[in-house]
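A short write-up of the structure that comes next.
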């Protein structure tokens with residue numbers, strides 16, 4: 001296939017005075033590296049430039065604050081009313097524009113969420129404004145007076161003018177997901193009785209005034225996109241029927257109506273909405289298209305964009321050709337693979353790295369201020385992978401282990417010209433994660449493993465399946481470099497009765513759920529155990545989980561944990577924390593809790609108590625070559641993202657240092 005198979009997706013489109021090269025836009029996301037002063041670092045500039053090289057028509061930077069006085073939520077948000085940030089914005093625009101992409105930025109005001117992560121000194125906090133007075137997250141929110149409303153309207157317009165002067169070709173007004181403009185739309189938050197509340201027209205007025213003000217200041221030909229939530233996705237909010245009416249209010253004002261879903265502001269049950277605003281692994285591909293399609297039927301002048309769980313160019317072509325939307329947008333999809341447009345256009349669809357929506361990027365951003373991708377080790381490391389290194393001296397590289405890290409190490413080493421031998425003790429590549437191959441919400445992870453297999457098959461890598469790498473075998477290969485990626489095995493706790501016929505390990509239950517009885521108790525509330533509980537519950541089993549710690553172990557991916565918890569709540573799965581297993585018998589498991597002993601009756605007891613690294617087996621290979629490296633779970637159980645990043649870096653360094 002190729003561009004001729006996607007005539008609608010690759011058809012240019014004129015919006016205002018600007019011609020966009022195709023219908024694939026990069027939706028707003030957080031930034032990989034921004035200073036406390038709001039400056040985009042060289043790493044951030046290179047990250048966005050790499051997206052432009054991948055072939056998208058437009059790239060939107062996320063979360064830029066138009067009003068740093070009343071609208072900023074956390075310190076790393078770029079304040080567009082600070083003139084000193086414009087230097088890096090201009091440099092970024094130049095780097096993107098030269099590659100033929102249009103640069104946009106998401107204009108935002110936090111409203112009721114303002115200041116929540118700013119760490120103001122006591123007594124220095126500015127007032128927090130929302131559509132109506134309330135107490136939210138323990139903070140007194142004031143009803144925004146009309147003079148402040150008009151002040152904010154002007155701030156949006158001034159911010160748009162500022163970025164236009166920096167070389168940006170479009171702006172995106174964020175009126176979704178629970179930020180200020182969406183707070184005015186949402187009846188759960190807006191209780192006003194003046195012209196800014198009540199009717200659909202009044203609740204949409206703030207957003208319409210913002211768009212019109214931007215056009216007055218920047219010109220009618222300057223494209224303005226408005227992101228709305230087609231539905232609040234929570235009780236007390238609004239449904240798609242009102243979402244359509246909001247879009248009709250914006251019709252002819254906004255150049256593009258960008259339809260997302262969900263709003264969490266004002267809720268106590270935020271966990272149940274996060275995986276909707278940011279589609280989780282538990283949702284289907286293209287989950288929001290239906291909302292965009294409904295809105296598309298009811299607007300006459302504005303273009304409609306759809307976003308959410310899109311990575312498949314075949315699906316995106318159908319969306320455009322069928323008239324469900326005019327533009328497709330991807331956020332995490334292009335974090336995972338910025339080359340999706342080019343690969344689709346070139347007929348290399350089977351090389352696309354499809355985002356599995358694991359939240360690894362988002363969690364890393366929240367925890368560490370930078371995001372990386374579990375599947376693409378180059379994401380947010382573009383400068384490292386693009387920089388010139390000393391020429392590599394060709395080496396013979398033996399990779400022991402064909403799991404996630406081993407496959408990536410082999411591919412990177414081969415790409416750099418080395419002779420690579422990849423050994424895997426089983427009859428197929430993929431590692432221990434293959435036990436989950438029939439789990440519906442792990443389909444994209446399995447697609448990634450299949451992609452890596454295809455790339456290995458097309459390479460010059462010498463693949464040796466059913467081959468265990470012992471010291472004797474490794475020595476016989478006479479390799480210059482050995483990379484041990486041997487993985488780990490399940491931990492077997494020392495619990496009386498663990499060898500009973502009614503006991504199995506999580507890997508066995510995933511691979512063969514038929515061996516699990518009608519009721520099951522899972523020992524361990526890490527992601528392996530909790531995801532298994534969700535899988536088995538969806539198969540009709542009655543499942544409970546016991547965990548000796550006081551909370552779920554998310555392995556550092558706490559936002560994925562949020563979506564897992566939402567599923568647990570929805571399915572009614574019982575999870576008992578601070579609960580230690582002391583013995584197992586034919587009828588279930590005996591535990592000790594803070595309240596005393598408790599017996600969990602179950603047909604099957606499933607062990608999900610962590611992994612033991614195959615460290616001894618790896619270390620045994622250390623003297624079988626001049627250079628020896630270890631990576632992945634055989635060092636310490638790690639995430640897919642950490643394994644891939646280490647594998648790619650080690651393999652790139654071979655023969656150079």
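The values are calculated or read from the model by the stated rules, or taken from the named source; none is laboratory data. If you're wondering where the values come from, they're calculated on a predicted model, not measured in any experiment. Heads up, the Cβs are rebuilt from the backbone with ideal geometry, glycines too, and the neighbour counts pull from every protein chain shown.
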Pairs with Cβ under 8 Å, 6+ apart, first in the stretch 142-166 and more than 18 Å from residue 114 (Cα to Cα) and in the same structural domain as residue 218 (by TED's automatic domain parsing), second assigned to a helix (DSSP H, G or I) and modelled with pLDDT under 95: 162/83; 162/86; 165/86; 166/86
With the checklist (1) free of Cβ contacts under 8 Å to residues at least 60 places away in the same chain; (2) crowded, with 23+ Cβ neighbours inside 10 Å; (3) not in a loop (DSSP other than H, G, I, E, B) in hand, flag the one item residue 216 doesn't pass. (2)
Within the stretch 287-308, restricting attention to residues that are touching a strand residue (DSSP E or B) at 6+ places or on another chain (Cβ under 9 Å) and assigned to a loop (DSSP other than H, G, I, E, B), which residue is surrounded by the most Cβ atoms within 10 Å (Cβ to Cβ)? 308
Answer yes if at least one residue in the stretch 61-74 is in the same structural domain as residue 149 (by TED's automatic domain parsing), touching a helix residue (DSSP H, G or I) at 6+ places or on another chain (Cβ under 6 Å), more than 28 Å from residue 328 (Cα to Cα) and in a loop (DSSP other than H, G, I, E, B), and no otherwise. yes
Yes/no for residue 175 being within 16 Å of residue 81 (Cα to Cα) and buried (at least 23 other Cβ atoms within 10 Å of the Cβ): no
Neighbours by Cβ (under 8 Å, 6+ apart or cross-chain): first from the stretch 113-129, at pLDDT below 80; second assigned to a strand (DSSP E or B): 116/74; 116/139; 117/74; 118/74
Residue under evaluation residue 398, criteria (1) surrounded by fewer than 23 Cβ atoms within 10 Å (Cβ to Cβ); (2) within 23 Å of residue 653 (Cβ to Cβ), criterion not met: (1)
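Scan the stretch 83-93 residue by residue and report those that are more than 19 Å from residue 218 (Cα to Cα) and over 24 Å from the mean Cα position of the chain (by Cα).
Taking the stretch 83-93 as the starting set, the residues that turn out to be more than 19 Å from residue 218 (Cα to Cα) are 84-85, 87-88, 91-92.
Selection gives 84, 85, 87, 88, 91.
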Taking the criterion of being in contact with a strand residue (DSSP E or B) (Cβ under 7 Å, 6 or more places away or on another chain), free of Cβ contacts under 8 Å to residues at least 40 places away in the same chain, surrounded by fewer than 21 Cβ atoms within 10 Å (Cβ to Cβ) and part of a loop (DSSP other than H, G, I, E, B), would at least one residue in the stretch 547-554 satisfy it? yes
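Counting only residues that are out of contact with any helix residue (DSSP H, G or I) (no Cβ under 8 Å at 6 or more places or on another chain) and more than 18 Å from residue 242 (Cα to Cα), give me the strands (runs of 3 or more DSSP E) lying completely in the stretch 122-209 with at least 3 of them. Break it down stepwise before answering.
On the way: elements: 128-130, 134-136, 139-143, 171-175.
Counting at least 3 such residues, we get 139-143.
Which residues, taken from the stretch 92-105, are touching a helix residue (DSSP H, G or I) at 6+ places or on another chain (Cβ under 6 Å) and either assigned to a strand (DSSP E or B) or surrounded by fewer than 24 Cβ atoms within 10 Å (Cβ to Cβ) (or both)? Don't jump to the end; show me each part of the working.
As a first pass, look at the stretch 92-105 and keep what is touching a helix residue (DSSP H, G or I) at 6+ places or on another chain (Cβ under 6 Å): 92, 95-96, 99, 101, 103, 105.
Once the filter is applied, which keeps residues that are touching a helix residue (DSSP H, G or I) at 6+ places or on another chain (Cβ under 6 Å) and either assigned to a strand (DSSP E or B) or surrounded by fewer than 24 Cβ atoms within 10 Å (Cβ to Cβ) (or both), the stretch 92-105 yields 95, 99, 103, 105.
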Some residue of the stretch 447-463 being assigned to a loop (DSSP other than H, G, I, E, B) and out of contact with any strand residue (DSSP E or B) (no Cβ under 6 Å at 6 or more places or on another chain): yes
So which strands (runs of 3 or more DSSP E) stay within the stretch 568-657 end to end and still have 1 or more residues that are in contact (Cβ under 8 Å) with a residue 60 or more places away in the chain? 580-585, 588-593, 596-601, 604-607, 611-613, 627-630
State whether the residues of the stretch 133-141 include one that is more than 28 Å from residue 304 (Cβ to Cβ), in contact (Cβ under 8 Å) with a residue 24 or more places away in the chain and crowded, with 21+ Cβ neighbours inside 10 Å. yes
Go through (1) at positive phi; (2) out of contact with any strand residue (DSSP E or B) (no Cβ under 9 Å at 6 or more places or on another chain) and name the single condition residue 262 misses. (2)
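Mind checking which residues of the stretch 515-546 are more than 27 Å from the chain's Cα centre (by Cα), outside any strand (DSSP E or B) and buried (at least 16 other Cβ atoms within 10 Å of the Cβ)?
Kept after step one, since they are more than 27 Å from the chain's Cα centre (by Cα), are these residues of the stretch 515-546: 515-523, 540-544, 546.
Within this subset, residues satisfying the condition of being outside any strand (DSSP E or B) are 515-518, 540-541.
Within the stretch 515-546, 516, 541 qualify.
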Limited to the stretch 412-432, what total is found for residues that are within 28 Å of the chain's Cα centre (by Cα) and within 22 Å of residue 649 (Cα to Cα)? 6
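With the condition being crowded, with 20+ Cβ neighbours inside 10 Å and touching a residue at least 24 places away in the same chain (Cβ under 8 Å), I'd like the strands (runs of 3 or more DSSP E) fully within the stretch 1-47 carrying at least 3 qualifying residues.
Details: elements: 13-15, 18-20, 24-29.
Hits in the stretch 1-47: 24-29.
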Index of the failed condition, residue 508 passing every other in (1) surrounded by fewer than 19 Cβ atoms within 10 Å (Cβ to Cβ); (2) in contact with a helix residue (DSSP H, G or I) (Cβ under 7 Å, 6 or more places away or on another chain); (3) part of a loop (DSSP other than H, G, I, E, B): (3)
